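Below is one structure, written out as structure tokens, with a few remarks after it.
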Amino acid sequence: MTETDQNPANMSMADLFRQEVAAQTALLTDALLALEHKPADKKQLENLMRAAHSIKGAARIMGLDPAVKIAHELENNFVAAQEGKITIAAEQTDILLEGVDFLLKISKCPDREIAAGAGALQPEAENILQRLCDIKLAASANSSPVRPDPAPPAPAAPRLQQSGQASSGAAGAGEPEGHAPKPALHTQTVRVTAGHLNRMLGMVDESIVQMRWLEPFTRRLMARKVKQARLSRRMEELLPMLDANVDYALIKQRLNEIVSETRAFLDASAGHINDIEEFSRRMEELHDRLYREALASRLRPFGDCARGFPRMMRDLARRLEKNVRFEISGQDTKVDREILDKLESPLAHLLRNALDHGIEKPEQRAAKGKPEQGLITLNARHHAGRLHITVTDDGTGIDVERVRQKIIAGGLNSKEVAERLSEPEILNFLFLPGFSTSAGVTEISGRGVGLDIALNLARELGGNAHIENRRPNGSVFQLQLPITIALIRALLVEIAQEPFLFPLARVTHLAVLDPAQTVTLEGKRYFHYENKNIGLISAAEALEMKSAAEKKSRWPVVIISDQDNHYGLIVERFLGEQLVALRTLDARLGKVQDVGAVTLLNDGTPALILDVDDLLRSMDRSLAGGGLKTIAQAGEEKSKAKRRRVLVADDSITVRELEKKLLQGRGCQVDVAVDGMEAWNKLRAGQYDLLISDVDMPRLNGIDLVRKIRQDPRISALPVVIISYKDREEDRLRGLEAGANYYLTKSSFQDDSFHNAVTDMIGEEK
């Protein structure tokens, strides 16, 4: 809602009371949490006393006797603390926060209950009131007793009502008991500051003034049109004079008049063009300012989302018997309100995980030489056009080996594969739905939903999530999100003669490659970038479009990435960077593969914004061996059918590539397998003229592979050449006895042995 909607004249007394209590209880909570660390802080005690006093006055006006008594007793405790009669420690803070929670609860009652004095809450109020009184009684047990000051009697307050209501007793008439009246319309409302609204209204007024300039300009254009018509008629009148042999001097005079009028007309037209260009410039600048102001009104401080976290962390730490200091930085960082509304739950999960799983108990920290008080920080900042939110703790960190065992025990991967996974790969399993390292399920954690929720939010908003393990000194969870979802910077490219956009935040690098800079490994194209081999695919093929981009002498390449992998997409042209407004696709289309949103370019042309995560999955499938056709395969399909087909099986990529290049040099079509089992599956699924196999391979070794081939009637006649590092006679005999046609050592690449063996098996190829 706007600030004008918040005018007290337009609000009921109950709404005003709710607004007052919401603000004052937030102040009470923040000050109590701060006081817990500095019990003698006079400034915080003064703030607490004033906030309680304000609520007491508001409650008295509303005739809410339970709230008056609670607020009065809170005030008494704060005054006693100011005078040094009591000390507010953690136990006392628990009770005082109960009183604050009760005040907030009573303010949220429906109008009818507030009008009736909230009598139903009187028993709860009496219980809390007694506990508040006990704070001072316990503190004065060893000295003169301090009797609680009785709350001043609440006068019979008039039942004030909003203008237009018959009486407060009739408020909500026709509504079910205990329910507030519901508004007729359910529309989303947002709060806009008066400054934003005034600036936008000022620019709208300015726009109206600018548009009024068009009316006299249009009249001037109409006048020019009349002069143009008259000039045209004079030219038409001149033609018959030429045919009638009229005096040359008269014709010349008429021509001079027409030339003079034409010059004046052209000068005036040039002035009009300058005027319209200046008008266009002013309107463009005005609309840009208006749009940016409207966009700024969508942004809210990050602190609006984080307001409840200190209380949550304080209560949770006491339940877990842990000593933790919680700090928030970057509370003024601006965030799109729609993003902010979605952040609270994922961040609450991350913070609970950090406290429950990360921070050790005080005695455990002391035994490790750490301070007994742990530290958890929540930070929000803008960096490189993105919102970075980090949750950092100085606890024990993540036990990677324990996660690895959970992966194996849960059947998420085989023991052999899990043991080869790197630490970053292991940590990615923590984001899986239902994955948890907890021994059991508690109210706090254990169901494995926290990190999953955080990652899903990041991906939904076009961002990402990362984990940094600092074991034994803690961990860092980071969310990278857009600052706003209404406007993004994007890279405009041309693919298959159509404009497409990549969100700039997902673009790692741009490159222009010479095809000679790329290499082909196992039928896939790669190029070298930052000490990595980057898989390369035509963007048109990924989008199932026709393009000749890969036939050019230079390839414009967009490099995109996820947490672990980089990929390159060949496009036709880079068209520059643009600031674009996101427009969602029609819901009837559902999810369109590889497309995230749509926008209008500066010239009004519609363009698709690509879904980078979809593209990454497509490229990953392609480079893993299925899905899209790769560039290296594009021109080979017709000739493959006529060439000898050879399967190379070796777990060493270096040996595979060497053998492959030698065979391709002979004109063979070559497929590869990384171990014996993959080779066996390919042999059964396809037709080959020759197998080149290593001996020592995972899952199925070369000797056993040859035996299986010779026992299969369909492929038993397949020629097999074994190439091994083992050059002992007994090894050679084992291979030949199993059924190999040749047994060569890998030194055979240096002479003609390999070439001769292949020629003997399949003949010469051209």
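The values are calculated or read from the model by the stated rules, or taken from the named source; none is laboratory data. Model, not experiment: these values are computed from the prediction. Please note: Cβ atoms are built from the backbone with ideal geometry, for glycine as well, and neighbour counts cover all protein chains shown. Protein only, heavy atoms only, side chains kept; ligands, DNA and RNA dropped before computing areas. Shrake-Rupley method; radii C 1.70, N 1.55, O 1.52, S 1.80 Å.
Please verify whether residue 459 is under 25 Å from residue 328 (Cα atoms), modelled with pLDDT of 80 or more and open to solvent by 40 Å² or more (accessible area, probe 1.4 Å), treating the condition exactly as stated.
No, not satisfied.
Yes/no matrix, rows are residues, columns are (1) outside any loop (DSSP other than H, G, I, E, B); (2) surrounded by 16 or more Cβ atoms within 10 Å (Cβ to Cβ); (3) modelled with pLDDT under 80:
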site	(1), (2), (3)
708	yes, yes, no
713	no, no, no
716	no, no, no
723	yes, yes, no
747	yes, no, yes
754	yes, yes, no
757	yes, yes, no
764	no, no, yes
Legend entry - When residues of the stretch 540-566 are limited to those that are modelled with pLDDT of 85 or more and closer than 21 Å to residue 480 by Cα, the one surrounded by the fewest Cβ atoms within 10 Å (Cβ to Cβ): 559
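Quick test for you: out of 451, 501, 510, 455, pick the one residue that is closer than 18 Å to residue 389 by Cβ, in contact (Cβ under 8 Å) with a residue 40 or more places away in the chain and out of contact with any Asp or Glu (no Cβ under 7 Å at 6 or more places or on another chain). Walk me through it before giving the result.
On the way: 501 fails: closer than 18 Å to residue 389 by Cβ; 510 fails: closer than 18 Å to residue 389 by Cβ; 455 fails: in contact (Cβ under 8 Å) with a residue 40 or more places away in the chain.
After ruling out the rest, the residue left standing is 451.
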Inset, instruction - Looking only at the stretch 449-485, count how many residues are polar (S, T, N, Q) and part of a strand (DSSP E or B). - result: 5
Inset, instruction - Report yes if some residue within the stretch 417-427 is in contact with a helix residue (DSSP H, G or I) (Cβ under 8 Å, 6 or more places away or on another chain), of a type outside the set (Gly, Ala, Ser), open to solvent by 80 Å² or more (accessible area, probe 1.4 Å) and not in a loop (DSSP other than H, G, I, E, B); otherwise report no. - result: yes
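Assess whether residue 212 counts as being touching a residue at least 40 places away in the same chain (Cβ under 8 Å), among the basic types (Lys, Arg) and under 30 Å from residue 287 (Cα atoms). Walk me through it before giving the result.
Values: touching a residue at least 40 places away in the same chain (Cβ under 8 Å): no; among the basic types (Lys, Arg): yes; under 30 Å from residue 287 (Cα atoms): yes.
Criteria not met by residue 212.
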Inset, instruction - Would you be able to tell me the number of residues in the stretch 261-308 that are hydrophobic (A, V, I, L, M, F, W, C) and outside any helix (DSSP H, G or I)? - result: 2
Inset, instruction - List the number of the failed condition for residue 473; all other conditions in (1) modelled with pLDDT under 85; (2) open to solvent by 50 Å² or more (accessible area, probe 1.4 Å) hold. - result: (1)
Inset, instruction - State whether the residues of the stretch 611-631 include one that is within 38 Å of the chain's Cα centre (by Cα), surrounded by 16 or more Cβ atoms within 10 Å (Cβ to Cβ), at pLDDT 85 or above and farther than 19 Å from residue 533 by Cα. - result: no
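Do we find that residue 524 is over 30 Å from residue 397 (Cβ atoms) and touching a Leu at 6+ places or on another chain (Cβ under 7 Å) in this structure? It would help to see each step written out before you state the result.
Details: over 30 Å from residue 397 (Cβ atoms): yes; touching a Leu at 6+ places or on another chain (Cβ under 7 Å): yes.
Judged against the criteria, residue 524 is a match.
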Inset, instruction - Go through the stretch 511-539 and give me each residue that's surrounded by 20 or more Cβ atoms within 10 Å (Cβ to Cβ) and either at positive phi or outside any strand (DSSP E or B) (or both). - result: 539
Legend entry - Yes/no for residue 344 being open to solvent by 60 Å² or more (accessible area, probe 1.4 Å), in contact with a Gly (Cβ under 8 Å, 6 or more places away or on another chain) and at pLDDT below 90: yes
Legend entry - Residues located in the stretch 632-665, provided they are at pLDDT below 80, within 21 Å of residue 689 (Cβ to Cβ) and part of a loop (DSSP other than H, G, I, E, B): 636, 641, 642, 643
Legend entry - residue 446 vs. criteria in a loop (DSSP other than H, G, I, E, B), modelled with pLDDT under 85 and either surrounded by fewer than 19 Cβ atoms within 10 Å (Cβ to Cβ) or of a type outside the set (Lys, Arg) (or both): yes
Legend entry - Residues of the stretch 263-291 that turn out to be open to solvent by 50 Å² or more (accessible area, probe 1.4 Å), under 18 Å from residue 228 (Cβ atoms) and in contact with a helix residue (DSSP H, G or I) (Cβ under 9 Å, 6 or more places away or on another chain), as a count: 3
Inset, instruction - Pull up the stretch 671-706, narrow it to residues that are β-branched (Val, Ile, Thr) and closer than 23 Å to residue 661 by Cα, then point me to the one that is modelled with the highest pLDDT. - result: 692
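What is the residue count in the stretch 361-398 for residues that are in contact with a helix residue (DSSP H, G or I) (Cβ under 9 Å, 6 or more places away or on another chain) and either surrounded by fewer than 21 Cβ atoms within 10 Å (Cβ to Cβ) or not in a strand (DSSP E or B) (or both)?
First, the residues of the stretch 361-398 that are in contact with a helix residue (DSSP H, G or I) (Cβ under 9 Å, 6 or more places away or on another chain): 370-374, 376, 378, 380, 384-387, 389, 391-398.
Keeping just the survivors that are either surrounded by fewer than 21 Cβ atoms within 10 Å (Cβ to Cβ) or not in a strand (DSSP E or B) (or both) gives 370-373, 384-386, 392, 394-398.
Residues meeting the conditions: 13.
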Legend entry - Scope the stretch 86-114; condition outside any helix (DSSP H, G or I) and β-branched (Val, Ile, Thr); matching residues: 86, 87, 88
Inset, instruction - Go through (1) assigned to a loop (DSSP other than H, G, I, E, B); (2) closer than 20 Å to residue 761 by Cβ one by one and return the number of the condition residue 697 breaks. - result: (2)
Inset, instruction - List every residue pair whose Cβ atoms lie under 6 Å apart, where the two residues are 6 or more positions apart in sequence or sit on different chains, the first residue falls within the stretch 117-144 and is at pLDDT 75 or above, and the second residue, located anywhere, is of a type in the set (S, T, N, Q). - result: 135/77; 135/92
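Condition check ((1) over 18 Å from the mean Cα position of the chain (by Cα); (2) aliphatic (A, V, I, L, M); (3) part of a loop (DSSP other than H, G, I, E, B); (4) on the phi > 0 side of the Ramachandran plot) across all residues:
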residue: 310; (1), (2), (3), (4): yes, no, no, no
residue: 313; (1), (2), (3), (4): yes, yes, no, no
residue: 316; (1), (2), (3), (4): yes, yes, no, no
residue: 325; (1), (2), (3), (4): yes, no, no, no
residue: 332; (1), (2), (3), (4): yes, no, yes, no
residue: 339; (1), (2), (3), (4): no, yes, no, no
residue: 344; (1), (2), (3), (4): no, no, no, no
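Within the stretch 15-47, take every residue that is assigned to a helix (DSSP H, G or I) and basic (Lys, Arg) and give me the one that is surrounded by the most Cβ atoms within 10 Å (Cβ to Cβ). Steps first, answer last, please.
The initial filter retains those residues of the stretch 15-47 that are assigned to a helix (DSSP H, G or I), namely 15-37, 42-47.
Checking the rest, the ones that are also basic (Lys, Arg) come to 18, 42-43.
Details: 18: 20, 42: 10, 43: 11.
Among those that are assigned to a helix (DSSP H, G or I) and basic (Lys, Arg), it is 18.
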